[in-house]
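Worksheet: the structure to be examined is printed underneath.
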Amino acid sequence: MTDRLARGLDAPICLTWELTYGCNLACVHCLSSSGRRDPDELTTKELFAVVDELAEMQVFYVNIGGGEPTLRPDFWDLLDYCVAGKVGVKFSTNGSRITPAAAQRIASTDYVDVQISLDGADAATNDAIRGDGSYAMAVAAMEHLAAAGMREFKVSVVVTRENVGQLDDFLALAGRYGAQLRLTRLRPSGRGADVWDRLHLTGEQQRRLYTWLVERPQVLTGDSFFHLSALGEPLPGLNLCGAGRIVCLIDPVGDVYACPFVLHEQFKAGSVRDDGGFAAVWRTSELFTSLREPNSPGACASCGSYDACRGGCMAAKFFTGLPLDGPDPECVHGHGEAALLQASSSRPLVDAGHSHRGGVFVPLTRRT
Amino acid sequence: MTAYSLHPQVGLRDERFGALAYHYGNRRLTFLNDARLVRIVRSVAEYDDVDAALAAAGVPAADRLAYLAAIARLHQAEVLVARD
């Protein structure tokens, strides 16, 4: 089955769609280096045309993110348009705009799900990553969702060296609001490249995380940690890199990338503004076609764990300067560490993207 | 024998290997890895019981139990619902 999926599908299973580079936070690990809106972001009319196309391709749902997607004035109209076209939506938010009224709206349909981003189980840990006041903002959103009767929304945590000791606290916190916990891997993408060295998990922390996840199959991971499957029995999920095969990313200006973690020219397959739209990019782009070819294990060929981890995450390798056909920088057998020592000078240059200029934080305001 | 129909909140999408089923209520994705199984799932509501649906899809006697097991799994996954 994994081999069939690796050869690609007629339409993605899981499509991430970032609506804006604008954000009222400036998280230190932001994978899309968000902050300021891009003047060339898709117009409302263009957004609706993409939804029409996704409905036509029978994409079951999209993961909407940003930036902070709710900052777009047409965000709620887009949500309604998706629901009307039977394209389900799961959107990621920092919670700042999840008012009691917004929470009611979200809870009123099965076609909309929401995930609240949180990177610490207490304000000190979270706000060090996401900015002052961001913990209170997320908790207020969770309270509004729970009060509106929204069941099983997601609390989404990027696991770091600083918060990995709080996994049980995160689970308890999500449980208090009837939410599900979702953990994802810290990637050296976007501004994450700047903090990866000091925030990515140690080998010992990775082993503890693996055991914790194996014992708690109810915790969602979006298949994020498949490189840990080399430690023993596979984690739940498909355990493969889905980039260009079952997942992809549409960015705020309509460019299509292989996955949400590779916003870089080398992994750009085309644009929804091209002739043939998104479907043509998905089905015929040179990049996606090449990603669907069987990939060579390269330097990992002699390792007995390759069938379990498949060489790990393409984005993690690329942004740490490692060859794509070699070990993941966080290879559980330590093969990535030696490679990293040699590769430190070959990391790709990544500009600040749409980060707030001078690292200035936009004041946190909340509409009531 | 039980009669089934497709769960009203499930979307089916044909794929080269069979089909994908997505449940908008519990947000779970299910893989159907067999074209005949997909035909049965699409038509099961038209038959008075599951045996009639299997027969109409031309399931050989030797494969009957395997298909019944697959249908039971789809019922458990809420892709199919039992009807009276």
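Taken together, the values in this text are just the output of simple stated rules run on the coordinates, not laboratory data. The shown structure was predicted, so the numbers you read here are calculated from the model rather than taken from an experiment. Positions of Cβ are generated from backbone atoms using ideal geometry, with glycine treated the same way; all protein chains shown enter the neighbour counts.
Assign unit charges at the C-beta atoms only (+1 for Lys and Arg, -1 for Asp and Glu), then state the dipole size of the protein assembly as shown relative to its Cα centre in Debye, rounded to the nearest 20.
Working: 44 positive and 54 negative charges, 77 e Å.
The calculated dipole for the protein assembly as shown is roughly 380 debye.
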Restricting to lysines and to Cα separations under 19 Å from A:K45, and discarding same-chain partners fewer than 8 apart, the set is A:K86
Computed about the Cα centre, the charge dipole of the stretch A:221-368 from +1 Lys/Arg and -1 Asp/Glu charges at the Cβ has a magnitude in debye, to the nearest 20, of 500 debye
Counting only backbone N atoms under 11 Å from a point 7 Å out along Cα-to-Cβ of A:R176, the residues of the stretch A:90-123 in range are A:121-123
With the dipole of the protein assembly as shown defined by +1 on each Lys or Arg Cβ and -1 on each Asp or Glu Cβ, the option from B:A56, A:F91, A:A102 whose Cα lies farthest towards the positive pole is A:A102
Within the set A:E68, A:E286, A:E265, GNM on chain A using Cα springs under 10 Å gives the largest fluctuation to A:E265
Highest GNM mean-square fluctuation among A:P217, A:P297, A:P236, for chain A with Cα springs under 10 Å, belongs to A:P217
The protein assembly as shown: antiparallel bridges as % of DSSP beta bridges, rounded to 5, reads 40 percent
In vacuo Debye sum over C-alpha of the protein assembly as shown, base-10 log of normalised intensity I(q)/I(0) at q = 0.06, 0.11, 0.12 Å⁻¹, listed in q order, is -0.26, -0.91, -1.09
Exposure-ranked with fewest Cβ neighbours within 10 Å first, A:C331, A:C27 stand as A:C27, A:C331
With -39,500 (n - 2.57) per DSSP H segment of 4 or more residues and division by the full residue count of chain B, the 222 nm estimate, nearest 500 deg cm²/dmol, is -10000 deg cm²/dmol
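Quote to one decimal, in nm, the extra length available between B:D49 and B:R73 on full extension: 0.36 nm per residue of separation minus the C-alpha distance between them.
Numbers: separation 24, 0.36 × 24 = 8.64 nm, distance 1.65 nm.
Between B:D49 and B:R73, full extension yields 7.0 nm more.
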In degrees, nearest 10, the alpha-carbon axis of helix B:64-76 is tilted away from the dominant principal axis of the alpha carbons of chain B by 30 degrees
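Okay, helix-only estimate at 222 nm for chain A: each DSSP H run of n ≥ 4 adds -39500 (n - 2.57), divide by all residues, round to 500 deg cm²/dmol; what do you get?
Roughly -9000 deg cm²/dmol at 222 nm, from the helical runs in chain A.
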With the dipole of the protein assembly as shown defined by +1 on each Lys or Arg Cβ and -1 on each Asp or Glu Cβ, the option from B:L12, A:A136, B:V38 whose Cα lies farthest towards the positive pole is A:A136
Expressed in angstrom, Rg and Dmax over the Cα atoms of the stretch B:3-83 are 11.7, 35
With the dipole of chain A defined by +1 on each Lys or Arg Cβ and -1 on each Asp or Glu Cβ, the option from A:A121, A:V157, A:L71 whose Cα lies farthest towards the positive pole is A:A121
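Among the listed pairs A:K154/A:K268; A:K90/A:K268; A:K90/A:K154, give every one whose C-alpha distance is greater than 20 Å. Could the numbers behind the result be given before it?
Working: A:K154/A:K268 29 Å; A:K90/A:K268 23 Å; A:K90/A:K154 9 Å.
Among A:K154/A:K268; A:K90/A:K268; A:K90/A:K154, the Cα-Cα distance tops 20 Å for A:K154/A:K268; A:K90/A:K268.
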